[in-house]
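No lab work stands behind these numbers, since they all come straight from the coordinates. Computed from a prediction, not measured in an experiment: that's the story for all the values here. Note that we place each Cβ from the backbone using ideal geometry, even for glycine, and neighbour counts take in every protein chain shown.
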Amino acid sequence: MYTITKWSDTFENADSRKRQRLGWVLFPTGCDSIGYIELMAHGADGVAAFGTFASLCQWSATSCRSLRGLLCRSNGSEMTVEQLSAVIRQPVKVVKRSLQLLVEVGWLKYENTGLVDENGDDLPMSAGDLPVSAGSIPQNPRLLKEKEKEKEKEKEKEKEKEKEKLFVRFWKSFDLKIAKPNAEKAFRKAVEAGGDAELIIRQAGRYHSACEQSETSQAHPATWLNAKRWEDEDMPPPRQSNGNGKPQGKGIMDHLDDMIAEDARNEQF
């Protein structure tokens with residue numbers, strides 16, 4: 001039977017030894033141990049063996065307290081190379097060579113117990129029975145929760161990016177570019193409150209056009225958003241064309257020009 005050398009002293013502590021099963025495993029740090037240097041001297045085989053060892057440690061940590069560090073089934077019987085290959089999801093050829101190297105460097109020990117129960121009920125899954133994808137492999141509940149949290153974080157990041165893109169479009173549509181931080185805060189608040197972002201953006205463009213044509217002063221973007229002006233049914237009416245491409249009626253600038261002209265005439269008399 002293969003056993004992990006000094007499992008309890010190297011891969012556990014006072015807290016882990018009290019636990020029946022582990023969802024994690026302690027692992028030594030550094031790359032200067034004699035065993036590590038000897039293993040890496042075997043090149044690609046050594047690198048593969050290190051990966052195999054890490055996988056065996058992770059798998060062994062899921063065993064009950066009394067069997068951790070022993071590469072055996074739950075009934076204590078020895079496992080074959082093929083069975084070890086199945087539980088850590090690695091090719092038999094790689095695992096076989098890795099076990100040899102790991103014994104050579106002293107990270108594993110092997111003792112022929114002769115207790116190989118290939119007909120036991122607790123045999124690990126054969127290679128043909130392995131899940132098709134990694135996502136279907138049973139996992140530790142705590143790790144599953146952490147993965148769910150990571151997925152939620154990713155979703156939030158995507159939502160945040162989408163909000164930023166929408167605000168950029170709004171800012172381009174709104175002509176009066178004043179107090180951008182306040183405008184962004186008001187835009188986010190409006191959208192989070194149920195406002196239709198696409199409608200807000202369209203109405204912002206219409207508001208600018210209507211105000212420009214009617215020479216009506218525009219509200220600040222934050223003010224416009226906080227007042228829900230995108231819901232206005234009546235936009236400022238555009239000035240009508242007189243047929244020559246110029247709007248009918250006089251705007252503010254027209255009146256100023258008239259006043260200047262009137263002053264000039266008065267000075268002549």
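Spin-label model, Ala54/Trp7: points 7 Å from Cα along the beta carbon direction are separated by 2.1 nm. Here the extension length gained between Thr80 and Ser33 equals 14.0 nm, from 0.36 nm per residue of separation less the Cα-Cα distance. Panel order for Tyr2, Tyr36, by other beta carbons found within 10 Å of each beta carbon, from fewest to most: Tyr36, Tyr2.
Suppose R0 equals 41 Å. What FRET efficiency, 1/(1 + (r/R0)^6) with r the Cβ-Cβ distance, do Lys180 and Lys155 give to the nearest 0.05? Working shown, then result.
Numbers: r = 27 Å, r/R0 = 0.65.
The computed FRET efficiency comes out at 0.95.
Stretched out straight at 0.36 nm per residue, the stretch from Leu26 to Arg89 would grow longer than its current Cα-Cα span by 20.6 nm.
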